[in-house]
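The values are calculated or read from the model by the stated rules, or taken from the named source; none is laboratory data. A quick note: this is a predicted structure, and the numbers were derived from the prediction, not measured. As a convention, Cβ positions derive from the backbone with ideal geometry for all residues, glycine included, and neighbour counts pool all protein chains shown.
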Amino acid sequence: MTWVTDLAEQSRSVMPRPMWEYVEAGADDGITTAEAAAAWRDVRFAPRVLSGGPVDLTTDLLGDVLRTPVGIAPTSLQRVAHPAGEPAMAAGAAAVGALHVVSSNAGHRFADIDAGSPWWLQAYLPPDRHSAAPVLRAAVAAGARAVVLTVDTPVPGPKRRPPEEDWAGTDLSWFRCNFEEPGEVRWADDLAPADIGWLHEVTGVPVVVKGVLRADDARACVDAGASAVWVSNHGGRQLDRATTTRAALPRVAAAVGEQVPVLVDGGIRSGLDVLAALSLGADAALLGRPPLHALALGGADEVERLLSRLADETAQALLLAGCRTPRDARGIAVPSGPTSP
Ligand code: FNR
């Protein structure tokens with residue numbers, strides 16, 4: 001348990017019950033969700049010495065200069081967690097210079113989200129790709145600096161959802177308010193590398209592919225024009241028993257890490273977890289559930305507190321590991337335990 005995992009329990013009393021259950025859920029038996037955090041704690045380091053100096057967390061991602069390698073992964077229903085929703089999440093991220101990735105199912109208009117710090121739009125593509133063009137263009141017009149294509153969701157993963165009637169008292173009228181025709185989310189089950197090029201053409205901004213767990217897929221994404229690859233299993237909410245992101249990261253980083261930035265999420269809950277991710281080849285580490293917990297507990301201020309504490313922990317971990325920058329952490333992981341690289 002870390003103070004970050006404690007936020008989950010603390011937020012239980014302030015979030016509507018179905019929302020809290022929805023946030024915590026993993027797919028099926030929740031095996032992948034349960035393994036995520038422990039896998040990072042299995043990583044062991046061989047710290048450098050005689051290489052010290054002030055730590056600088058500055059992280060350059062696709063031309064944006066961030067003050068920390070820790071960012072916020074996209075999650076829907078932020079407006080249920082807190083009425084101030086995405087704009088509050090953005091303000092918390094902006095206060096510490098962190099990347100904020102906004103779900104296309106956001107509950108506030110994109111134009112109201114920009115808080116002066118770089119943000120990216122996450123998108124699912126529908127079966128008829130062109131119907132997504134207006135919402136994508138609206139996001140870019142409102143300041144989205146990149147589009148993140150989530151590729152692990154041909155269908156929503158089988159989660160034990162709270163029954164419909166449990167949501168009865170929750171206002172969801174704003175759901176997908178950025179779409180011309182809100183309605184249900186529709187997912188394409190036939191995404192292909194060509195969609196990456198299409199997305200870039202339609203938006204004119206870099207395309208990041210989220211949900212990659214294999215080296216060959218990472219290679220195919222970059223060959224198709226992806227500007228970054230995001231190692232993710234959707235917080236264990238899609239294919240249960242999918243490998244941990246900790247296990248997948250070194251393979252993906254070896255395949256494409258020299259060419260494009262590699263991002264990772266899933267069970268990152270401390271500065272030491274961030275160090276583990278950086279040491280295995282990530283350029284940035286993102287969190288999904290904890291920022292939602294923080295948002296519910298105290299809006300923008302609590303999100304800022306979460307990110308700023310994680311940045312402090314990461315800086316301290318780097319210092320103790322003899323690394324001055326996030327990039328210096330590459331290669332300080334050493335083989336250990338059953339999940340060794
Ligand atoms: C998500 N995630 C997600 N991913 C995405 O690409 N688009 C989305 O709209 C959502 N929505 C969403 C809602 C909720 C409630 C959760 C918990 C997650 C996945 C998210 O971006 C991320 O990959 C994981 O949450 C990371 O794992 P941790 O940090 O939650 O362990």
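Within the stretch 154-182, the set of residues being farther than 20 Å from GLU86 by Cβ and within 16 Å of the ligand (Cβ to nearest atom) comprises PRO154, VAL155, PRO156, GLY157, PRO158, LYS159, ARG160, ARG161, PRO162, ASP166.
The set of residues in the stretch 1-51 that are outside any loop (DSSP other than H, G, I, E, B) and of a type in the set (Ser, Thr, Tyr) comprises THR5, SER11, TYR22, THR32, THR33. Inspect the stretch 81-93 for any residue being touching a Leu at 6+ places or on another chain (Cβ under 9 Å) and part of a loop (DSSP other than H, G, I, E, B) and give the result as yes or no. Yes, some residue in the stretch 81-93 is touching a Leu at 6+ places or on another chain (Cβ under 9 Å) and part of a loop (DSSP other than H, G, I, E, B). I'd like to know if the stretch 137-145 contains one or more residues that are within 15 Å of the ligand (Cβ to nearest atom) and over 17 Å from the mean Cα position of the chain (by Cα). Yes, that holds for at least one residue. Within the stretch 101-130, how many residues turn out to be surrounded by fewer than 16 Cβ atoms within 10 Å (Cβ to Cβ) and either under 14 Å from ALA142 (Cα atoms) or touching a Cys at 6+ places or on another chain (Cβ under 8 Å) (or both)? Residues in the stretch 101-130 being surrounded by fewer than 16 Cβ atoms within 10 Å (Cβ to Cβ) and either under 14 Å from ALA142 (Cα atoms) or touching a Cys at 6+ places or on another chain (Cβ under 8 Å) (or both): 4 in total. Criterion applied to GLY107, GLY116 was being part of a loop (DSSP other than H, G, I, E, B), within 14 Å of the ligand (Cβ to nearest atom), more than 29 Å from LEU272 (Cβ to Cβ) and modelled with pLDDT under 95, and the one residue passing it is GLY107. If the condition is being more than 11 Å from the ligand (Cβ to nearest atom) and either basic (Lys, Arg) or on the phi < 0 side of the Ramachandran plot (or both), then the stretch 71-91 contributes ARG79, HIS82, PRO83, ALA84, GLU86, PRO87, ALA88, MET89, ALA90, ALA91. Just the residues that are surrounded by fewer than 24 Cβ atoms within 10 Å (Cβ to Cβ), within 16 Å of ILE332 (Cβ to Cβ) and within 16 Å of the ligand (Cβ to nearest atom), please, taken from the stretch 255-282. Answer for the stretch 255-282, where residues must be surrounded by fewer than 24 Cβ atoms within 10 Å (Cβ to Cβ), within 16 Å of ILE332 (Cβ to Cβ) and within 16 Å of the ligand (Cβ to nearest atom): GLY271, LEU272.
Checking every residue in the stretch 87-98 against the condition of being surrounded by fewer than 24 Cβ atoms within 10 Å (Cβ to Cβ) and among the β-branched types (Val, Ile, Thr) gives at least one match. Regarding PRO54, is this residue in contact (Cβ under 8 Å) with a residue 24 or more places away in the chain, over 18 Å from LEU307 (Cα atoms) and either part of a loop (DSSP other than H, G, I, E, B) or among the basic types (Lys, Arg) (or both)? In short, yes. If you go through the stretch 1-56 and keep only what is in contact with a Gly (Cβ under 6 Å, 6 or more places away or on another chain), more than 11 Å from the ligand (Cβ to nearest atom) and polar (S, T, N, Q), you end up with just SER51. If the condition is being within 30 Å of MET15 (Cα to Cα) and β-branched (Val, Ile, Thr), then the stretch 293-330 contributes VAL303, THR314. Looking across the stretch 58-70, just one residue is crowded, with 23+ Cβ neighbours inside 10 Å and either within 14 Å of the ligand (Cβ to nearest atom) or of a type in the set (Gly, Ala, Ser) (or both), and that is VAL70.
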